[in-house]
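Reading through the structure tokens given below for one structure.
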Amino acid sequence: MELKTIELTKKFGSKIAVNHLNIALSNGVYGLLGANGAGKTTFMRMLCNIQTPTFGKIVLNGRNIDRLGERYCDLLGYLPQHFGYYPDFTALDLLLYVSALKGLSDKSAKKKSKELLEAVGLSAESKHKIKTFSGGMKQRLGIAQAMLNDPRILILDEPTAGLDPKERVRFRNLISAFAKDRIVILSTHIVSDVEFIAEEIIMMRSGEIVHFGKPQEITSEIDGQVWECIVPTACAEEYAATFNTSNLRNTDRGETILRIIADRSPMANAVRVQPNLEDLYLFYFKGDIEQ
């Protein structure tokens with residue numbers, strides 16, 4: 001299966017949200033990274049055929065998705081950034097309702113709903129009203145509803161928002177198991193989530209793709225530019241503000257280890273370390289994050 005965009009462009013007035021994207025996606029997990037305003041959500045909404053491109057097209061196995069119509073929709077699962085729900089529905093009620101909208105039979109809907117509630121850790125709360133759920137529980141329910149029709153193309157916008165570390169591990173395991181013979185695209189600001197499970201990384205900035213490749217390949221761009229430095233903890237915040245710092249951790253000796261991105265040694269005791277995806281993200285988007 002191949003999902004391909006050809007000169008895909010979306011404008012809102014004079015603003016270009018997505019700018020002539022050309023990308024081909026086959027089976028696997030893709031992590032979509034970029035700061036707010038990079039065009040990620042607009043890109044995903046066009047892939048879901050929710051928004052119409054201003055220019056360009058999307059094709060699945062060589063056929064324009066507009067011509068495929070409902071056949072394309074039947075292949076899709078989608079979790080929007082802001083998942084809507086009926087607060088007085090129970091978790092099971094909501095999944096059965098969405099199943100009906102997706103055309104599942106009553107038997108299949110009940111079976112699949114119970115399986116997914118188990119998979120996202122909500123079996124015990126299946127008959128509780130959604131308005132009593134925490135933010136993380138609602139997000140897990142949103143992930144479940146996106147997977148109801150066993151989609152061949154699963155698109156998740158900020159799926160780990162509101163999830164605690166344990167829930168994020170459960171999510172990553174669920175997606176890894178589900179992704180075989182499917183296209184999975186997930187957008188998140190939690191870089192470690194895609195670093196663990198994504199086979200390919202798509203980095204977007206200002207509506208354009210600035211990197212597309214395997215995590216270990218695209219981080220090679222900043223080889224030799226990531227350093228660890230030891231500073232007194234009392235001065236750590238000052239140093240972190242001065243340099244492009246991706247991480248810091250305190251030791252039990254009153255010292256702090258800073259992880260700094262710089263094209264040359266930032267201080268005398270700096271030691272080069274292997275870059276990771278979070279370093280690359282900050283290298284590209286530090287200015288965007290601060291705006």
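The values are calculated or read from the model by the stated rules, or taken from the named source; none is laboratory data. Source: prediction; values computed, not measured. Don't worry about glycine lacking a Cβ; one is built from the backbone with ideal geometry, like all the others, and counts go over all protein chains shown. Note: accessible area is taken over every heavy atom of the protein model, side chains too, but ligands, DNA and RNA are not part of it. Shrake-Rupley method; radii C 1.70, N 1.55, O 1.52, S 1.80 Å.
Can you give the helix-only mean residue ellipticity at 222 nm for the chain, where every DSSP H stretch with n ≥ 4 adds -39500 (n - 2.57) and the sum goes over all residues, rounded to the nearest 500 deg cm²/dmol?
Details: 11 runs with 99 residues, N = 291.
Roughly -9500 deg cm²/dmol at 222 nm, from the helical runs in the chain.
Roughly how far apart, in whole Å, are the Cα centres of the range 243-263 and the range 75-137?
43
Provide the gained length on full extension for the span residue 4 to residue 52, in nm with one decimal, where the gain is 0.36 nm per separating residue minus the Cα-Cα distance.
Values: separation 48, 0.36 × 48 = 17.28 nm, distance 1.54 nm.
Here the answer is 15.7 nm.
Residue 67 to residue 223: FRET efficiency via 1/(1 + (r/R0)^6), r the Cβ-Cβ distance, R0 51 Å, to the nearest 0.05?
0.70
If I compute solvent accessible area with a 1.4 Å probe over the protein chains, what percent of it on the range 149-281 is carbon and sulfur?
47
Using r as the Cβ-Cβ distance of residue 269 and residue 26, and R0 as 45 Å, what FRET efficiency do you calculate, to the nearest 0.05?
For R0 = 45 Å, the calculated efficiency reads 0.50.
Here are several values of Rg and Dmax of the Cα atoms in Å: (i) 21.2, 68; (ii) 21.0, 61; (iii) 25.5, 78. Which one was derived from the coordinates shown?
So the structure-derived entry is (i).
Just check the range 65-132 against the gyration tensor rule for me: Cα atoms, a ≥ b ≥ c as the square roots of the eigenvalues, rounded for a/c under 1.5, and otherwise prolate or oblate depending on whether a/b exceeds b/c.
Prolate.
Take each of the peptides 248-259, 39-50, average the number of other beta-carbon atoms within 10 Å over its residues, and list them starting from the highest.
Highest mean packing first, the order is 39-50, 248-259.
What is the angle, in °, between the Cα long axis of helix 91-101 and the longest principal axis of the Cα atoms in the chain? Nearest 10 is fine, range 0 to 90.
60
Accessible area of the range 1-45 with a 1.4 Å probe: how many percent of it is carbon plus sulfur?
Within the range 1-45, the accessible surface is 45 percent carbon and sulfur.
Counting only C-alpha contacts under 8 Å and six or more residues apart, can you give the relative contact order of the range 39-108 as a whole percent? List each step's numbers first, then the result.
Details: 21 pairs, mean separation 13.6, N = 70.
Computed value for the range 39-108: 19 percent relative contact order.
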